[in-house]
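The values are calculated or read from the model by the stated rules, or taken from the named source; none is laboratory data. All values reported here derive from a predicted model rather than from experimental measurement. As a convention, Cβ positions derive from the backbone with ideal geometry for all residues, glycine included, and neighbour counts pool all protein chains shown. Each accessible area value is taken on the protein alone, full model and side chains, heavy atoms only, with ligands, DNA and RNA left out. Shrake-Rupley method; radii C 1.70, N 1.55, O 1.52, S 1.80 Å.
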Amino acid sequence: MFVRVHRQKHRGKAYSSVQICESFRDPVRGGAPRNRVIVNLGPLEKLGTETLRNLANGFLRAAGEPQPVEEEAQLFSARDFGHVHAVGSVWDRLGFKEALGRAGIAGSAAFPAAELIRMLVVNRVCDPCSKLALLDWLDSVHYSDRDKPSYHHLLRAMDRLLEVKEKAEPFIAKRLLRESEPLELVFYDITSTYFEGDRSLLDGDFRRYGYSRDGRFDKRQVVIGMVVTREGIPLCHHVFAGNTVDKSTVLEVVMDLKKRFDLKRVVFVGDRGMLSDANLDGLLGEKLGFIVAHPVRRNALAAEIIGSLEKGFDRQSDKEQFLEQEREGVRFVLAYSPEIALETRRGRESRLEASDAWIKKALHKLAHPNAKGRKPTPSGTYDRIRDHLRDHNLLRFYHLKPTGDKVTVTKDRKVLEWENKVDGMLMLETTDLTLPLNEVVGCYKELAEIERGWRSLKSTLLIRPVYHWTEKRIRAHIFVCVLALQIERWMRRKLKTVSVPKALFQLQRIKMGELVTKGSKTRVLTRPTNEQKQLLVSIGAPPIPSSLP
(Lines give C-alpha, C1' and ligand atoms only; values in the text may rest on other atoms or scores of the structure.)
Protein backbone atom coordinates (compact mmCIF):
# COMPACT_ATOMS: atom_id res chain seq x y z
CA MET A 1 0.00 0.00 0.00
CA PHE A 2 1.05 3.54 -0.63
CA VAL A 3 -0.14 7.14 -0.59
CA ARG A 4 -0.79 8.85 -3.89
CA VAL A 5 -1.61 12.47 -4.78
CA HIS A 6 -3.97 12.26 -7.72
CA ARG A 7 -4.03 15.33 -9.98
CA GLN A 8 -6.52 16.08 -12.72
CA LYS A 9 -7.93 19.01 -14.66
CA HIS A 10 -11.56 19.86 -15.16
CA ARG A 11 -12.69 22.83 -17.27
CA GLY A 12 -9.21 24.33 -17.12
CA LYS A 13 -8.88 24.08 -13.33
CA ALA A 14 -6.40 21.75 -11.59
CA TYR A 15 -7.52 19.53 -8.68
CA SER A 16 -5.43 17.39 -6.31
CA SER A 17 -6.68 14.67 -3.96
CA VAL A 18 -4.95 12.35 -1.49
CA GLN A 19 -5.61 8.60 -1.91
CA ILE A 20 -4.52 5.41 -0.18
CA CYS A 21 -3.86 2.84 -2.88
CA GLU A 22 -2.61 -0.70 -3.26
CA SER A 23 -0.98 -2.66 -6.05
CA PHE A 24 -2.34 -6.01 -7.27
CA ARG A 25 -2.16 -8.32 -10.27
CA ASP A 26 -5.31 -8.39 -12.34
CA PRO A 27 -6.19 -12.03 -13.32
CA VAL A 28 -8.53 -10.73 -16.03
CA ARG A 29 -5.57 -9.13 -17.74
CA GLY A 30 -3.30 -12.11 -17.32
CA GLY A 31 -1.74 -11.07 -14.01
CA ALA A 32 -0.73 -7.57 -15.17
CA PRO A 33 0.13 -5.20 -12.29
CA ARG A 34 -2.59 -2.66 -11.46
CA ASN A 35 -3.39 -0.05 -8.78
CA ARG A 36 -6.69 0.47 -7.03
CA VAL A 37 -7.94 3.11 -4.60
CA ILE A 38 -8.76 1.84 -1.12
CA VAL A 39 -9.57 5.20 0.52
CA ASN A 40 -9.98 8.65 -1.00
CA LEU A 41 -9.00 11.09 1.77
CA GLY A 42 -10.23 14.15 -0.09
CA PRO A 43 -8.85 17.31 -1.71
CA LEU A 44 -5.29 18.17 -0.73
CA GLU A 45 -6.00 21.84 -0.07
CA LYS A 46 -8.80 20.97 2.35
CA LEU A 47 -6.82 18.44 4.31
CA GLY A 48 -3.93 20.78 5.08
CA THR A 49 -0.44 20.07 6.36
CA GLU A 50 -1.43 19.52 9.99
CA THR A 51 -4.04 16.83 9.12
CA LEU A 52 -1.60 14.94 6.94
CA ARG A 53 1.06 15.07 9.68
CA ASN A 54 -1.42 13.69 12.24
CA LEU A 55 -2.38 10.85 9.87
CA ALA A 56 1.27 9.97 9.36
CA ASN A 57 1.90 9.92 13.11
CA GLY A 58 -1.21 7.74 13.57
CA PHE A 59 0.07 5.13 11.11
CA LEU A 60 3.41 5.10 12.95
CA ARG A 61 1.60 4.52 16.25
CA ALA A 62 -0.37 1.67 14.74
CA ALA A 63 2.86 0.12 13.51
CA GLY A 64 4.49 0.53 16.93
CA GLU A 65 7.15 2.85 15.53
CA PRO A 66 8.47 5.88 17.47
CA GLN A 67 7.03 9.18 16.35
CA PRO A 68 9.37 11.91 15.08
CA VAL A 69 10.15 14.67 17.55
CA GLU A 70 9.40 18.18 16.30
CA GLU A 71 12.68 20.12 16.01
CA GLU A 72 12.79 23.53 17.61
CA ALA A 73 14.37 26.40 15.71
CA GLN A 74 17.87 27.16 17.04
CA LEU A 75 19.92 30.32 16.64
CA PHE A 76 23.53 29.18 16.27
CA SER A 77 25.24 32.58 15.90
CA ALA A 78 24.52 36.30 15.88
CA ARG A 79 27.14 38.59 14.36
CA ASP A 80 27.30 42.38 14.04
CA PHE A 81 26.19 43.46 10.61
CA GLY A 82 24.63 46.94 10.38
CA HIS A 83 27.71 49.14 10.83
CA VAL A 84 29.84 47.00 8.50
CA HIS A 85 27.07 47.09 5.91
CA ALA A 86 26.83 50.89 6.17
CA VAL A 87 30.54 51.70 5.86
CA GLY A 88 31.09 49.13 3.12
CA SER A 89 28.15 50.59 1.20
CA VAL A 90 29.69 54.08 1.41
CA TRP A 91 32.99 52.70 0.04
CA ASP A 92 31.11 51.07 -2.83
CA ARG A 93 28.94 54.11 -3.52
CA LEU A 94 31.93 56.45 -3.71
CA GLY A 95 33.67 54.09 -6.11
CA PHE A 96 36.93 53.77 -4.19
CA LYS A 97 37.47 50.27 -5.60
CA GLU A 98 37.27 51.60 -9.15
CA ALA A 99 39.58 54.51 -8.28
CA LEU A 100 42.20 52.16 -6.85
CA GLY A 101 41.75 49.82 -9.79
CA ARG A 102 42.31 52.68 -12.22
CA ALA A 103 45.47 53.57 -10.33
CA GLY A 104 46.70 49.99 -10.90
CA ILE A 105 46.55 48.53 -7.42
CA ALA A 106 45.92 45.02 -8.75
CA GLY A 107 49.17 44.86 -10.73
CA SER A 108 50.22 41.28 -11.24
CA ALA A 109 48.99 40.17 -7.79
CA ALA A 110 46.84 37.05 -7.66
CA PHE A 111 44.96 38.27 -4.56
CA PRO A 112 42.22 41.00 -4.59
CA ALA A 113 44.26 43.92 -3.26
CA ALA A 114 41.46 46.50 -3.58
CA GLU A 115 39.02 44.25 -1.70
CA LEU A 116 41.52 43.80 1.13
CA ILE A 117 42.05 47.56 1.39
CA ARG A 118 38.27 47.92 1.61
CA MET A 119 38.30 45.46 4.51
CA LEU A 120 41.07 47.39 6.28
CA VAL A 121 39.23 50.69 5.88
CA VAL A 122 35.86 49.30 7.02
CA ASN A 123 37.56 47.87 10.11
CA ARG A 124 39.34 51.17 10.77
CA VAL A 125 36.04 53.07 10.75
CA CYS A 126 33.98 50.47 12.65
CA ASP A 127 36.37 48.95 15.16
CA PRO A 128 40.03 49.91 14.60
CA CYS A 129 42.61 47.32 15.58
CA SER A 130 45.88 45.83 14.39
CA LYS A 131 46.02 43.93 11.10
CA LEU A 132 46.54 40.68 13.00
CA ALA A 133 43.61 41.35 15.34
CA LEU A 134 41.45 42.11 12.30
CA LEU A 135 41.41 38.39 11.48
CA ASP A 136 39.75 37.70 14.83
CA TRP A 137 37.42 40.69 14.34
CA LEU A 138 36.07 39.04 11.18
CA ASP A 139 34.72 36.21 13.37
CA SER A 140 32.53 38.68 15.27
CA VAL A 141 30.95 40.42 12.24
CA HIS A 142 29.32 39.37 9.01
CA TYR A 143 31.57 41.03 6.45
CA SER A 144 31.21 38.80 3.39
CA ASP A 145 30.92 35.16 2.34
CA ARG A 146 34.52 35.04 1.15
CA ASP A 147 37.12 33.05 3.01
CA LYS A 148 39.09 34.85 5.66
CA PRO A 149 42.24 36.41 4.12
CA SER A 150 45.72 35.56 5.28
CA TYR A 151 47.78 38.03 7.29
CA HIS A 152 50.54 38.30 4.71
CA HIS A 153 47.99 39.13 2.00
CA LEU A 154 46.80 42.09 4.09
CA LEU A 155 50.37 43.37 4.34
CA ARG A 156 50.98 42.86 0.62
CA ALA A 157 47.77 44.76 -0.15
CA MET A 158 49.11 47.66 1.93
CA ASP A 159 52.33 47.55 -0.07
CA ARG A 160 50.33 47.73 -3.31
CA LEU A 161 48.32 50.65 -1.93
CA LEU A 162 51.46 52.64 -1.15
CA GLU A 163 52.87 51.96 -4.61
CA VAL A 164 49.86 53.58 -6.30
CA LYS A 165 49.43 56.49 -3.86
CA GLU A 166 50.50 59.20 -6.32
CA LYS A 167 47.99 58.05 -8.95
CA ALA A 168 45.21 57.02 -6.59
CA GLU A 169 44.76 60.23 -4.58
CA PRO A 170 43.54 62.41 -7.51
CA PHE A 171 41.13 59.67 -8.65
CA ILE A 172 39.73 59.34 -5.12
CA ALA A 173 39.49 63.13 -4.72
CA LYS A 174 37.33 63.43 -7.85
CA ARG A 175 34.86 60.96 -6.40
CA LEU A 176 34.65 62.85 -3.11
CA LEU A 177 34.16 66.33 -4.50
CA ARG A 178 30.80 67.55 -5.67
CA GLU A 179 30.74 68.40 -9.34
CA SER A 180 28.78 71.56 -8.60
CA GLU A 181 31.47 72.82 -6.22
CA PRO A 182 34.83 73.47 -7.90
CA LEU A 183 37.95 73.09 -5.81
CA GLU A 184 38.78 76.70 -4.98
CA LEU A 185 39.62 76.68 -1.27
CA VAL A 186 41.98 74.25 0.43
CA PHE A 187 43.27 74.13 3.99
CA TYR A 188 46.67 72.81 4.94
CA ASP A 189 47.89 71.83 8.36
CA ILE A 190 50.24 69.31 9.89
CA THR A 191 50.27 67.12 12.95
CA SER A 192 52.50 64.43 14.38
CA THR A 193 52.05 60.91 15.65
CA TYR A 194 54.47 59.24 18.01
CA PHE A 195 55.76 55.67 18.41
CA GLU A 196 56.19 53.46 21.43
CA GLY A 197 59.70 52.04 21.81
CA ASP A 198 62.67 52.10 19.48
CA ARG A 199 62.21 48.73 17.82
CA SER A 200 63.85 48.19 14.42
CA LEU A 201 65.37 51.68 14.20
CA LEU A 202 67.77 52.02 11.30
CA ASP A 203 70.31 54.63 10.24
CA GLY A 204 68.42 57.49 8.64
CA ASP A 205 65.10 56.29 10.05
CA PHE A 206 62.38 58.88 9.49
CA ARG A 207 61.03 58.31 13.02
CA ARG A 208 62.82 61.13 14.81
CA TYR A 209 62.50 63.42 17.78
CA GLY A 210 60.81 66.73 17.01
CA TYR A 211 58.12 69.16 18.04
CA SER A 212 55.27 66.96 19.29
CA ARG A 213 51.68 68.19 18.89
CA ASP A 214 50.74 65.53 21.45
CA GLY A 215 53.19 66.78 24.06
CA ARG A 216 55.23 63.56 23.87
CA PHE A 217 58.68 65.01 23.31
CA ASP A 218 60.15 61.82 24.78
CA LYS A 219 58.89 59.75 21.83
CA ARG A 220 60.07 59.44 18.26
CA GLN A 221 57.50 60.59 15.74
CA VAL A 222 56.61 61.30 12.12
CA VAL A 223 54.95 64.45 10.79
CA ILE A 224 51.78 64.25 8.68
CA GLY A 225 50.65 67.08 6.42
CA MET A 226 47.11 67.03 5.06
CA VAL A 227 45.30 69.10 2.44
CA VAL A 228 41.58 69.37 3.22
CA THR A 229 38.54 70.87 1.49
CA ARG A 230 36.34 73.45 3.21
CA GLU A 231 33.99 70.61 4.22
CA GLY A 232 36.78 68.81 6.07
CA ILE A 233 37.34 66.02 3.51
CA PRO A 234 41.03 65.19 2.98
CA LEU A 235 42.30 65.46 -0.59
CA CYS A 236 45.80 64.14 -0.08
CA HIS A 237 48.41 63.73 2.60
CA HIS A 238 52.18 63.73 2.98
CA VAL A 239 54.37 62.02 5.55
CA PHE A 240 57.62 63.69 6.64
CA ALA A 241 60.44 62.85 9.02
CA GLY A 242 59.68 63.53 12.67
CA ASN A 243 62.00 66.54 12.92
CA THR A 244 60.57 68.38 9.90
CA VAL A 245 59.77 72.07 10.45
CA ASP A 246 56.23 73.13 9.55
CA LYS A 247 57.25 75.90 7.17
CA SER A 248 59.51 73.66 5.10
CA THR A 249 56.63 71.45 3.97
CA VAL A 250 54.39 74.05 2.31
CA LEU A 251 56.10 74.59 -1.05
CA GLU A 252 56.49 70.83 -1.56
CA VAL A 253 52.77 70.40 -1.00
CA VAL A 254 51.93 73.33 -3.30
CA MET A 255 54.00 71.91 -6.14
CA ASP A 256 52.43 68.51 -5.61
CA LEU A 257 48.92 69.98 -5.83
CA LYS A 258 49.81 71.80 -9.04
CA LYS A 259 51.26 68.64 -10.52
CA ARG A 260 48.66 66.00 -9.61
CA PHE A 261 45.38 67.89 -9.19
CA ASP A 262 43.41 69.88 -11.73
CA LEU A 263 43.50 73.24 -10.01
CA LYS A 264 42.13 76.39 -11.59
CA ARG A 265 41.92 78.91 -8.76
CA VAL A 266 42.99 77.73 -5.35
CA VAL A 267 43.31 79.75 -2.15
CA PHE A 268 45.54 78.36 0.58
CA VAL A 269 44.30 78.93 4.12
CA GLY A 270 46.58 78.60 7.13
CA ASP A 271 48.25 80.26 10.08
CA ARG A 272 51.14 82.70 9.74
CA GLY A 273 53.46 80.30 11.50
CA MET A 274 52.93 77.83 8.66
CA LEU A 275 53.08 80.30 5.76
CA SER A 276 56.39 82.14 6.02
CA ASP A 277 57.33 85.03 3.72
CA ALA A 278 59.15 82.60 1.43
CA ASN A 279 56.09 80.34 1.31
CA LEU A 280 53.79 83.25 0.53
CA ASP A 281 56.11 84.32 -2.27
CA GLY A 282 56.06 80.74 -3.55
CA LEU A 283 52.26 80.71 -3.57
CA LEU A 284 52.16 83.98 -5.48
CA GLY A 285 54.73 82.61 -7.92
CA GLU A 286 52.48 79.64 -8.62
CA LYS A 287 49.54 82.03 -9.09
CA LEU A 288 47.78 80.67 -6.03
CA GLY A 289 46.02 82.88 -3.50
CA PHE A 290 46.11 82.70 0.27
CA ILE A 291 44.26 83.68 3.42
CA VAL A 292 46.60 83.75 6.37
CA ALA A 293 46.09 84.76 9.99
CA HIS A 294 48.60 87.02 11.75
CA PRO A 295 49.24 86.91 15.49
CA VAL A 296 47.89 90.07 17.13
CA ARG A 297 50.34 89.94 20.03
CA ARG A 298 54.05 90.73 19.95
CA ASN A 299 53.89 91.41 16.23
CA ALA A 300 55.05 94.72 14.74
CA LEU A 301 52.88 94.48 11.63
CA ALA A 302 49.79 93.64 13.67
CA ALA A 303 50.48 96.57 16.00
CA GLU A 304 50.72 98.88 13.00
CA ILE A 305 47.54 97.63 11.27
CA ILE A 306 45.47 97.47 14.47
CA GLY A 307 46.72 100.89 15.56
CA SER A 308 45.50 102.43 12.31
CA LEU A 309 42.14 100.62 12.13
CA GLU A 310 40.85 99.81 15.62
CA LYS A 311 39.43 103.27 16.23
CA GLY A 312 36.91 102.54 13.48
CA PHE A 313 35.18 99.88 15.59
CA ASP A 314 32.06 100.72 17.54
CA ARG A 315 32.87 99.28 20.96
CA GLN A 316 29.30 99.88 22.14
CA SER A 317 27.80 97.63 19.46
CA ASP A 318 27.17 93.95 20.10
CA LYS A 319 27.56 92.96 16.42
CA GLU A 320 30.64 91.55 14.71
CA GLN A 321 32.48 94.23 12.74
CA PHE A 322 35.04 94.22 9.91
CA LEU A 323 37.58 96.74 8.64
CA GLU A 324 40.17 96.48 5.88
CA GLN A 325 43.38 98.05 4.62
CA GLU A 326 45.04 97.36 1.27
CA ARG A 327 48.82 97.34 0.94
CA GLU A 328 51.00 96.38 -2.03
CA GLY A 329 48.48 94.12 -3.74
CA VAL A 330 47.27 92.33 -0.60
CA ARG A 331 44.45 93.13 1.76
CA PHE A 332 44.51 93.10 5.54
CA VAL A 333 41.16 92.30 7.16
CA LEU A 334 40.55 93.10 10.81
CA ALA A 335 37.53 91.48 12.49
CA TYR A 336 36.18 92.35 15.93
CA SER A 337 33.67 90.25 17.92
CA PRO A 338 32.31 91.92 21.10
CA GLU A 339 31.08 88.57 22.40
CA ILE A 340 34.51 86.92 22.07
CA ALA A 341 36.18 90.04 23.49
CA LEU A 342 34.01 89.94 26.61
CA GLU A 343 34.54 86.20 27.10
CA THR A 344 38.32 86.51 26.64
CA ARG A 345 38.61 89.46 29.01
CA ARG A 346 36.60 87.77 31.75
CA GLY A 347 38.67 84.61 31.47
CA ARG A 348 41.95 86.54 31.66
CA GLU A 349 40.81 88.62 34.63
CA SER A 350 39.73 85.48 36.47
CA ARG A 351 43.11 83.84 35.88
CA LEU A 352 44.98 86.98 36.90
CA GLU A 353 42.93 87.26 40.08
CA ALA A 354 43.72 83.67 41.02
CA SER A 355 47.43 84.20 40.30
CA ASP A 356 47.52 87.41 42.34
CA ALA A 357 46.17 85.48 45.32
CA TRP A 358 48.72 82.71 44.81
CA ILE A 359 51.59 85.22 44.51
CA LYS A 360 50.41 87.05 47.63
CA LYS A 361 50.61 83.83 49.64
CA ALA A 362 54.08 83.01 48.27
CA LEU A 363 55.40 86.50 49.16
CA HIS A 364 53.81 86.37 52.59
CA LYS A 365 55.49 83.05 53.25
CA LEU A 366 58.84 84.55 52.24
CA ALA A 367 58.35 87.54 54.55
CA HIS A 368 56.93 85.50 57.46
CA PRO A 369 58.46 82.02 57.37
CA ASN A 370 57.10 79.35 59.71
CA ALA A 371 59.23 78.01 62.50
CA LYS A 372 58.75 74.53 61.11
CA GLY A 373 59.90 73.29 57.78
CA ARG A 374 62.40 74.65 55.31
CA LYS A 375 62.71 78.44 55.20
CA PRO A 376 61.97 79.88 51.73
CA THR A 377 64.70 81.86 50.01
CA PRO A 378 64.26 84.87 47.68
CA SER A 379 65.69 82.96 44.73
CA GLY A 380 63.52 79.93 45.44
CA THR A 381 60.40 82.10 45.77
CA TYR A 382 61.30 83.91 42.54
CA ASP A 383 61.64 80.59 40.69
CA ARG A 384 58.34 79.27 42.12
CA ILE A 385 56.42 82.39 41.08
CA ARG A 386 57.99 82.44 37.65
CA ASP A 387 57.22 78.75 37.06
CA HIS A 388 53.64 79.24 38.22
CA LEU A 389 53.09 82.15 35.82
CA ARG A 390 54.76 80.29 32.96
CA ASP A 391 52.65 77.18 33.48
CA HIS A 392 49.47 79.28 33.48
CA ASN A 393 50.57 81.31 30.43
CA LEU A 394 50.59 84.55 32.41
CA LEU A 395 54.29 85.38 32.56
CA ARG A 396 54.03 88.23 30.04
CA PHE A 397 51.63 90.14 32.32
CA TYR A 398 54.11 90.53 35.24
CA HIS A 399 57.48 92.03 36.02
CA LEU A 400 59.49 89.91 38.50
CA LYS A 401 62.64 91.17 40.19
CA PRO A 402 64.56 89.73 43.15
CA THR A 403 65.85 92.55 45.36
CA GLY A 404 67.95 91.52 48.32
CA ASP A 405 65.83 89.36 50.60
CA LYS A 406 62.61 90.25 48.77
CA VAL A 407 60.93 89.55 45.45
CA THR A 408 59.12 92.39 43.70
CA VAL A 409 56.15 91.47 41.52
CA THR A 410 54.30 94.14 39.51
CA LYS A 411 51.83 94.11 36.62
CA ASP A 412 52.96 95.09 33.12
CA ARG A 413 50.43 97.81 32.37
CA LYS A 414 51.40 98.20 28.71
CA VAL A 415 50.82 94.52 28.02
CA LEU A 416 47.48 94.56 29.83
CA GLU A 417 46.41 97.67 27.92
CA TRP A 418 47.27 96.02 24.60
CA GLU A 419 45.47 92.81 25.58
CA ASN A 420 42.32 94.76 26.39
CA LYS A 421 42.59 96.48 23.02
CA VAL A 422 42.98 93.33 20.91
CA ASP A 423 40.49 91.14 22.77
CA GLY A 424 38.08 89.63 20.23
CA MET A 425 40.19 90.68 17.22
CA LEU A 426 41.31 88.54 14.29
CA MET A 427 43.73 89.86 11.68
CA LEU A 428 43.93 88.21 8.27
CA GLU A 429 45.96 88.83 5.14
CA THR A 430 44.62 87.77 1.74
CA THR A 431 45.37 88.13 -1.95
CA ASP A 432 41.64 88.30 -2.77
CA LEU A 433 40.78 91.99 -3.17
CA THR A 434 37.10 91.50 -4.03
CA LEU A 435 35.75 88.88 -1.60
CA PRO A 436 33.44 90.43 1.04
CA LEU A 437 35.10 90.91 4.41
CA ASN A 438 32.75 88.58 6.30
CA GLU A 439 33.38 85.82 3.73
CA VAL A 440 37.17 86.22 4.09
CA VAL A 441 36.80 85.73 7.85
CA GLY A 442 34.33 82.87 7.32
CA CYS A 443 36.76 81.06 5.02
CA TYR A 444 39.50 81.23 7.63
CA LYS A 445 37.22 80.00 10.41
CA GLU A 446 36.51 76.89 8.35
CA LEU A 447 40.10 75.89 9.13
CA ALA A 448 38.56 74.36 12.27
CA GLU A 449 37.37 71.46 10.08
CA ILE A 450 40.92 70.17 9.70
CA GLU A 451 41.29 70.22 13.48
CA ARG A 452 38.18 68.04 13.73
CA GLY A 453 39.79 65.69 11.23
CA TRP A 454 42.95 65.39 13.34
CA ARG A 455 40.83 64.61 16.40
CA SER A 456 38.97 61.88 14.53
CA LEU A 457 42.23 60.46 13.19
CA LYS A 458 43.71 60.16 16.67
CA SER A 459 40.62 59.25 18.69
CA THR A 460 37.95 57.27 16.81
CA LEU A 461 40.16 55.99 13.96
CA LEU A 462 43.16 55.29 16.23
CA ILE A 463 46.05 56.09 13.93
CA ARG A 464 48.20 55.07 16.87
CA PRO A 465 49.55 52.88 18.28
CA VAL A 466 51.23 51.94 15.02
CA TYR A 467 51.89 48.21 14.84
CA HIS A 468 54.44 48.48 12.01
CA TRP A 469 58.16 49.12 12.06
CA THR A 470 59.33 49.53 8.46
CA GLU A 471 58.96 52.88 6.74
CA LYS A 472 56.82 51.64 3.85
CA ARG A 473 54.38 49.85 6.17
CA ILE A 474 54.11 52.93 8.41
CA ARG A 475 53.34 55.08 5.36
CA ALA A 476 50.81 52.51 4.13
CA HIS A 477 49.14 52.39 7.56
CA ILE A 478 48.77 56.18 7.54
CA PHE A 479 47.28 56.00 4.03
CA VAL A 480 44.70 53.45 5.22
CA CYS A 481 43.82 55.77 8.14
CA VAL A 482 43.42 58.74 5.78
CA LEU A 483 41.13 56.67 3.52
CA ALA A 484 39.08 55.86 6.62
CA LEU A 485 39.02 59.57 7.52
CA GLN A 486 37.72 60.39 4.04
CA ILE A 487 34.88 57.91 4.53
CA GLU A 488 34.20 59.20 8.05
CA ARG A 489 34.15 62.87 7.00
CA TRP A 490 31.89 62.11 4.03
CA MET A 491 29.48 60.27 6.31
CA ARG A 492 29.60 63.14 8.81
CA ARG A 493 28.49 65.56 6.11
CA LYS A 494 25.56 63.32 5.16
CA LEU A 495 24.46 62.56 8.73
CA LYS A 496 24.43 66.28 9.64
CA THR A 497 23.10 66.27 13.23
CA VAL A 498 24.32 62.78 14.21
CA SER A 499 27.97 61.96 14.85
CA VAL A 500 29.51 59.05 12.97
CA PRO A 501 30.44 57.07 16.13
CA LYS A 502 26.89 57.40 17.44
CA ALA A 503 25.42 56.33 14.10
CA LEU A 504 27.69 53.29 13.89
CA PHE A 505 26.83 52.35 17.47
CA GLN A 506 23.15 52.33 16.55
CA LEU A 507 23.70 50.38 13.32
CA GLN A 508 25.93 47.80 15.05
CA ARG A 509 22.82 46.56 16.84
CA ILE A 510 21.55 45.09 13.55
CA LYS A 511 22.66 41.47 13.78
CA MET A 512 22.93 38.60 11.30
CA GLY A 513 22.00 35.22 12.77
CA GLU A 514 22.11 31.64 11.48
CA LEU A 515 18.74 30.05 12.20
CA VAL A 516 18.51 26.26 11.90
CA THR A 517 15.05 24.65 11.80
CA LYS A 518 13.92 21.24 10.49
CA GLY A 519 17.39 20.57 9.22
CA SER A 520 17.62 23.68 7.04
CA LYS A 521 19.85 26.68 7.73
CA THR A 522 18.71 30.25 7.08
CA ARG A 523 20.58 33.52 7.64
CA VAL A 524 18.21 36.07 9.08
CA LEU A 525 18.68 39.72 10.05
CA THR A 526 17.18 41.55 12.98
CA ARG A 527 14.51 44.02 11.97
CA PRO A 528 15.96 47.57 11.89
CA THR A 529 14.30 50.34 13.88
CA ASN A 530 13.01 53.51 12.25
CA GLU A 531 16.09 55.36 13.52
CA GLN A 532 18.41 52.79 11.96
CA LYS A 533 16.50 52.93 8.69
CA GLN A 534 16.83 56.71 8.61
CA LEU A 535 20.58 56.52 9.25
CA LEU A 536 20.98 54.16 6.28
CA VAL A 537 18.89 56.45 4.08
CA SER A 538 21.02 59.45 5.11
CA ILE A 539 24.24 57.88 3.82
CA GLY A 540 22.61 56.25 0.81
CA ALA A 541 23.18 52.68 1.97
CA PRO A 542 20.90 49.89 0.69
CA PRO A 543 18.07 48.90 3.07
CA ILE A 544 18.57 45.91 5.34
CA PRO A 545 16.94 42.76 3.85
CA SER A 546 15.05 40.31 6.04
CA SER A 547 17.43 37.48 5.21
CA LEU A 548 20.62 36.73 3.31
CA PRO A 549 21.07 34.04 0.67
When only Cα pairs under 8 Å and 6 or more residues apart are kept, what is the percent relative contact order across the chain? 18
The stretch 1-45 to the stretch 354-425: how many Å between their Cα centroids? 111
Cα-Cα P(r), the stretch 412-489, percent of pairs per 5 Å interval: 3, 11, 15, 11, 11, 10, 12, 10, 8, 6, 2
Compute the whole-percent fraction of alpha carbon pairs in the stretch 159-296 spaced more than 21 Å apart. 48
Per DSSP H run of n ≥ 4, the term is -39500 (n - 2.57); total these for the chain, divide by its residue number, and report the mean residue ellipticity at 222 nm rounded to 500 deg cm²/dmol. -13500 deg cm²/dmol
Rounded, prolate or oblate: which fits the stretch 260-372 when a ≥ b ≥ c are the square roots of the eigenvalues of the alpha-carbon gyration tensor, with rounded for a/c under 1.5 and prolate only if a/b beats b/c? prolate
Can you give me the convex hull volume of the Cα atoms of the stretch 366-497, divided per residue and expressed in Å³? 301
Cα-based Rg of the stretch 79-193 per 2.2 N^0.38 Å, rounded to two decimals? 1.16
Quick test of the membrane-span-like rule: which DSSP H helices of the chain reach at least 24 Å along their long axis (C-alpha atoms) with mean Kyte hydropathy at least -1.0? 44-62, 338-367, 471-495
Probe 1.4 Å, heavy atoms of protein chains only: per residue, the accessible area of the chain in Å² is 55
Sort largest first and round to whole Å: the equivalent ellipsoid semi-axes of the stretch 204-259, each the square root of five times a Cα gyration tensor eigenvalue. 23, 14, 9
State the volume of the convex hull built on the alpha-carbon positions of the chain, expressed per residue in Å³ and rounded to an integer. 331
Can you list the lysines whose alpha carbon is less than 25 Å from that of residue 494, not counting same-chain residues fewer than 8 positions off? 97, 174, 445, 458, 502, 511, 533
Summing Lys, Arg as +1 and Asp, Glu as -1, what charge do residues with Cβ under 9 Å from the Cβ of residue 225 carry, residue 225 excluded? -3
Listed by chain and number, the lysines with an alpha carbon less than 23 angstrom from that of residue 360, same-chain partners under 8 positions apart left out, are 372, 375, 401, 406, 411, 414
Rounded to the nearest Å, what's the spacing between the alpha carbon centres of the stretch 185-258 and the stretch 429-460? Just the number, please. 19
Quick one: with all protein chains in place, what share of the accessible area of the chain is carbon or sulfur, to the nearest percent (1.4 Å probe)? 50
